[in-house]
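Below is one structure; the comments refer to it alone.
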Amino acid sequence: MSENKNLKEQVEEMRQTLKKMNGDKSKKKKKKFKLPRKARVKKKAMKQGYVTVCVIKDNKSINFEKVPLDGGTYKLEDENLTYHLADAEDIYFYNGNPVIFQPKRKENPTNPIKMIEGEDETYAHEQIMDRMTGDAVKKRSNKGGDMGKWIVIGVIALIAIYLITQYI
């Protein structure tokens, strides 16, 4: 039977039998997009004001970060510690997660619904400066508390040394 068929027909017959045995693998399922684990915001964090920020860098790569919103501003934890402003219009939801699309160079997030070329972004400077000064004041107050602890420890150490030298 196989002697009467040429080589092409035999190969085609083998392919047909392999398809029957393995099933049709030409139908590939498309994977759904999932947010990275570090960028997902759970319900508890959402109640505390956290959002997922999709940072669009200059080389057209993206990173996802989970950051807290504080008074309409947020701080990205990158090499420059940049501050940005967000309105309620700029927050989108993907599978229940709040997402903001933030170009790295701009202070305001990208809003595809109201894409206006040459939009003025200077209105954000005042709120961002308030946030930066607020963060600077918080850092100074923490350092003062640490300095007071070291002074108390130093005084106790000096008293201990004095008492030890007097009684020995």
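Fewest to most neighbouring Cβ within 10 Å: what's the order for Y167, Y92? Walk me through the intermediate numbers first.
Working: Y167 6, Y92 17.
If I rank by nearby Cβ atoms, fewest first, I get Y167, Y92.
Hey, which of these cross-link pairs are over 22 Å Cα-Cα: K42/K75; K66/K104; K75/K104; K29/K104; K42/K66? The partial results should precede the final answer.
Values: K42/K75 19 Å; K66/K104 15 Å; K75/K104 12 Å; K29/K104 34 Å; K42/K66 10 Å.
Over 22 Å apart, Cα to Cα: K29/K104.
Find how much the distance from V11 to K47 grows on full extension, using 0.36 nm per residue of separation minus their present alpha carbon separation; answer in nm with one decimal. Numbers along the way, then the final one.
Details: separation 36, 0.36 × 36 = 12.96 nm, distance 6.30 nm.
Value of the extension gain: 6.7 nm.
The gain in end-to-end length when the A160 to E126 segment is fully stretched comes to 7.0 nm, 0.36 nm per residue minus the alpha carbon separation. Counting 0.36 nm for each residue step from E79 to K38 and taking away their Cα separation leaves a gain of 12.9 nm.
As a proxy for reagent exposure, L85, L76 were ordered by neighbouring Cβ count within 10 angstrom, fewest first; the result is L76, L85. Scanning residues 5 or more positions from Y50 or on other chains, those with amide H under 5 Å from its amide H are L69, with H placed 1.01 Å from N in the peptide plane.
An ellipsoid equivalent to the stretch 37-110, defined through the eigenvalues of its Cα gyration tensor, has semi-axes of 18, 13, 12 Å when rounded to whole angstrom and sorted largest first.
Any read-out appearing in this document is the output of simple, stated calculations on the displayed coordinates, not a laboratory observation. What you see is a predicted model, and the numbers here were worked out from it, not measured in a lab. Counting neighbours? That spans all protein chains shown, and the Cβs are built from the backbone with ideal geometry, glycine included.
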